[in-house]
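What follows is a set of notes on a single structure, which appears directly below.
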Amino acid sequence: KDLPSGLDEKNRMEYLEKENIKLSVNNLISYPFVKKLIDNKAIEIHGIWYDISKGKLLYLNSKNNKFEEVI
């Protein structure tokens, strides 16, 4: 996946951090034993990103694959 054009360094880093979280979540759920636990409702996997400079916590919405602010 290519980086969106026109991002400054801060936004590029944020983009890459979030993409890494998405990739990590997808990797975790690809393991059969993790998928089985999810299917049996024994565990839930959540992607979370924290912007320490703004004090914002965002979670990865698994339905639209986008980060949304936790209120």
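The values are calculated or read from the model by the stated rules, or taken from the named source; none is laboratory data. All of these numbers come straight from a predicted model, not from anything done at the bench. Counting neighbours? That spans all protein chains shown, and the Cβs are built from the backbone with ideal geometry, glycine included. Ligands, DNA and RNA are excluded from the accessible area calculation, which covers all protein heavy atoms including side chains. Shrake-Rupley method; radii C 1.70, N 1.55, O 1.52, S 1.80 Å.
Does any residue of region 42-58 turn out to be out of contact with any strand residue (DSSP E or B) (no Cβ under 8 Å at 6 or more places or on another chain), at pLDDT 95 or above and either open to solvent by 100 Å² or more (accessible area, probe 1.4 Å) or assigned to a strand (DSSP E or B) (or both)? If you could, list the steps in order and put the result at the bottom.
The initial filter retains those residues of region 42-58 that are out of contact with any strand residue (DSSP E or B) (no Cβ under 8 Å at 6 or more places or on another chain), namely 42-45, 52-55.
With the extra rule that they be at pLDDT 95 or above, the set shrinks to 42-45.
Then drop every residue that is not either open to solvent by 100 Å² or more (accessible area, probe 1.4 Å) or assigned to a strand (DSSP E or B) (or both), which leaves 44.
Checking region 42-58: at least one residue is out of contact with any strand residue (DSSP E or B) (no Cβ under 8 Å at 6 or more places or on another chain), at pLDDT 95 or above and either open to solvent by 100 Å² or more (accessible area, probe 1.4 Å) or assigned to a strand (DSSP E or B) (or both).
Considering only region 7-20, I want to know if a residue exists there that is among the aromatic types (Phe, Trp, Tyr) and open to solvent by less than 80 Å² (accessible area, probe 1.4 Å). Yes: one or more hits. For region 1-19, taking the residues that are in a helix (DSSP H, G or I) and over 15 Å from Lys66 (Cα atoms), the one that is farthest from the chain's Cα centre (by Cα) is identified as Glu9. Taken over region 59-71, residues that are without any contact (Cβ under 8 Å) to a residue 24 or more places away in the chain and loosely packed, with under 13 Cβ neighbours inside 10 Å amount to 8.
Tell me, yes or no, whether region 29-39 has at least one residue that is loosely packed, with under 12 Cβ neighbours inside 10 Å, in a loop (DSSP other than H, G, I, E, B) and at pLDDT 95 or above. It would help to see each step written out before you state the result.
First, pick out the residues of region 29-39 that are loosely packed, with under 12 Cβ neighbours inside 10 Å: 30-33, 36, 39.
Applying the additional criterion that residues be in a loop (DSSP other than H, G, I, E, B) yields 31.
From what's left, at pLDDT 95 or above: 31.
Yes, that holds for at least one residue.
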